[in-house]
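Data block below; observations after.
The values are calculated or read from the model by the stated rules, or taken from the named source; none is laboratory data. Fair warning: this is a prediction, and the values are worked out from it, not measured in the lab. Please note: Cβ atoms are built from the backbone with ideal geometry, for glycine as well, and neighbour counts cover all protein chains shown. To get the accessible areas, we keep the full protein, side chains included, count just its heavy atoms, and leave off ligands, DNA and RNA. Shrake-Rupley method; radii C 1.70, N 1.55, O 1.52, S 1.80 Å.
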Amino acid sequence: MRYVYADNAATTAVSKTALDAMMPYLTEHCGNPSSLYSIGQTAHRAIEKARQQVAAAINADKSEIYFTSGGSESDNWVIRGCAELGKKKGKCHIITTKIEHHAVLHTTAKLEKEGFEVTYIGVNDKGIVDVNDIAAAIREDTCLVTVMFANNEIGSVQPIEEIGKLCREKGVWFHTDAVQAAGHIAIDVKKQNIDFLSMSGHKFHAVKGTGVLYCKNGVKLPNLIEGGGQESGKRAGTENVPGIVALGAALEEACANIDKNAQKVSALRDRLFEGASKISHSRINGDTEKRLPGNFSMCFEGVEGESLLLMLDAVGISASSGSACTSGSLDPSHVLLAIGLKHEVAHGSLRLSIDENTSGEDVEYILEQLTPIINRLRDMSPLWERIIAEDKGE
Amino acid sequence: MEYSQKVMEHFAAPHNVGVLENANGIGEIGNAKCGDIMKMYIRVENDVIVDVKFKTYGCASAIATSSIATDMIKGQPLSEALKLTNKAVVEALDGLPAVKIHCSVLAEQAIKAAIADYYRRQGIDPTPIVGKIDDEHYTDEGCHL
């Protein structure tokens, strides 16, 4: 049986480049980067090289790059840090959106309990924020605007440059969660006026448990972990040297091929949309233009997402869904609800996230399998029976 | 969250799927908003469920519980079918993840709803025999837990 991994937005395989780069730091170059002897200094230099690679990838300075354990840590750190700094100046208002990752939404929810006020900006039916809505929400006491670069479920790419410009004009800090964007679409923190940016290594073929927080020079973000001088004293603890090396190498490689990959992957994605749109009572979620190259998200009425993805798994396809059953809560994905979908439509969502390792044959295999699986689930679905009856005007 | 082998077997190849054309009892439980609907068709002759079929919209465990529950009542007298508990359905599936227990409740209630419908069609008030059908978790305010 063919196996097609189509959940790269969840995690990716480690690339050969990243693996080759990190291997020596698991074995012969095992020194602690804080040690003065040579193998310690070899490790130290490797971290600094990775820091330079990351800085170059987003047009930042090396001194603005902090290595973390991943996107969630970076999001938590920057939001809580800005809140702490804001509070000292009496600025206790934060602006974010309704479609953020839970690493952002749960952090802001916690801050609300601590007395902060948070404005959650809605999105249009394509999942895109209107910069005017953010402008209208900015107040004297706003300390931070945090808007994701691109959405993890529906792939919608946000007007980051415009939001950055607005925040710069208003003198409000701007953070973007670029976990899905980094390595896949171009980022330029200077041009886009980004003050803080989060990324996660395993979304671009580095290893799990590695991430980055970019923090613009001049902002004294509070320390995250006390106990040592690592990461300029802001995040103590012996560095994950192999992981950091892999992250630097993987991001450099991804950015060197960013246009070529985006072109190839978005063509495959569009083929998926074209094929899957032939299924009746289906809809594309998100914007077809302002979209991550590898993100496919559609809803199929009358079927439930968990059943759909388990049936796809049975034929060797790994996918994802935003149904309530798969989200582990009572409601379907907050992102699908934010773009205005009804619960019963959102339950039938399917996300496929492909990348440059996906082949045209893989895509055709997915399309071949998808239609009969949806038909099979619809055949046993009383909801589908109802939809068909309504169509006939019964 | 992981499903038992038994759940996966019933999900992959569910028993008794479809519409029973000569059904004389039909019950439906659940709603689309909450993401699961079960519809049970039974054919009763001489107080025995001689045939049963189902249609289910929902997750893998909803399909698997429908499948095994229909197996468990097929050929049974109504009095026995009414004794089927959600617990027995869970045990027959070698367990369900905690967040999926409500699916087994759905199966139990869908069977009761089909039997109640049968009695109603016979001109018999089902309430004293079948009891109350528990569909109250499916209100407009929210879904099951």
Output for region A:296-332, where each listed residue is at the interface with chain B (Cβ under 10 Å from one of its Cβ atoms) and at pLDDT below 90: A:323, A:324, A:325, A:326, A:328, A:329, A:330, A:331, A:332
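Of the residues that sit in region A:1-56 and are basic (Lys, Arg) and within 16 Å of residue A:239 (Cα to Cα), which one is least open to solvent (accessible area, probe 1.4 Å)? If you could, list the steps in order and put the result at the bottom.
Initially, region A:1-56 is screened for residues basic (Lys, Arg), giving A:2, A:16, A:45, A:49, A:51.
Still in the list and also within 16 Å of residue A:239 (Cα to Cα): A:45, A:49, A:51.
Numbers: A:45: 145, A:49: 130, A:51: 23 Å².
In this case the residue turns out to be A:51.
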Residue identified as at negative phi, surrounded by fewer than 21 Cβ atoms within 10 Å (Cβ to Cβ) and in contact with an Asp or Glu (Cβ under 6 Å, 6 or more places away or on another chain) among A:126, A:170: A:126
Which one of A:253, A:169 is without any contact (Cβ under 8 Å) to a residue 12 or more places away in the chain and assigned to a helix (DSSP H, G or I)? A:169
Looking only at region B:44-75, count every residue that is within 15 Å of residue B:19 (Cβ to Cβ) and either at pLDDT below 95 or open to solvent by 50 Å² or more (accessible area, probe 1.4 Å) (or both) and tell me the total. 1
Going residue by residue through region B:93-100, is there one that turns out to be farther than 22 Å from residue A:314 by Cβ, within 14 Å of chain A (Cβ to nearest Cβ) and out of contact with any Phe, Trp or Tyr (no Cβ under 7 Å at 6 or more places or on another chain)? yes
Can residue A:188 be described as open to solvent by 10 Å² or more (accessible area, probe 1.4 Å) and within 25 Å of residue A:91 (Cβ to Cβ)? no
For region A:129-152, which positions are part of a loop (DSSP other than H, G, I, E, B) and open to solvent by 40 Å² or more (accessible area, probe 1.4 Å)? A:130, A:139, A:140, A:141
Which condition number in (1) open to solvent by 20 Å² or more (accessible area, probe 1.4 Å); (2) in contact with a helix residue (DSSP H, G or I) (Cβ under 8 Å, 6 or more places away or on another chain); (3) small (Gly, Ala, Ser) is the one that residue A:69 fails? (2)
From the list A:232, A:200, A:282, which residue is surrounded by fewer than 23 Cβ atoms within 10 Å (Cβ to Cβ), closer than 25 Å to residue A:158 by Cα and not charged (D, E, K, R)? A:282
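Residue by residue, here is whether (1) more than 30 Å from residue A:115 (Cα to Cα); (2) within 22 Å of the chain's Cα centre (by Cα); (3) in a helix (DSSP H, G or I) holds:
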site	(1), (2), (3)
A:28	yes, no, no
A:33	yes, no, no
A:63	yes, no, yes
A:77	no, yes, yes
A:80	no, yes, yes
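From the list B:83, B:132, exactly one residue is at pLDDT 95 or above and either open to solvent by 30 Å² or more (accessible area, probe 1.4 Å) or in contact with a helix residue (DSSP H, G or I) (Cβ under 9 Å, 6 or more places away or on another chain) (or both). Which is it?
Working: B:132 fails: at pLDDT 95 or above.
Checking each option against the conditions leaves just B:83.
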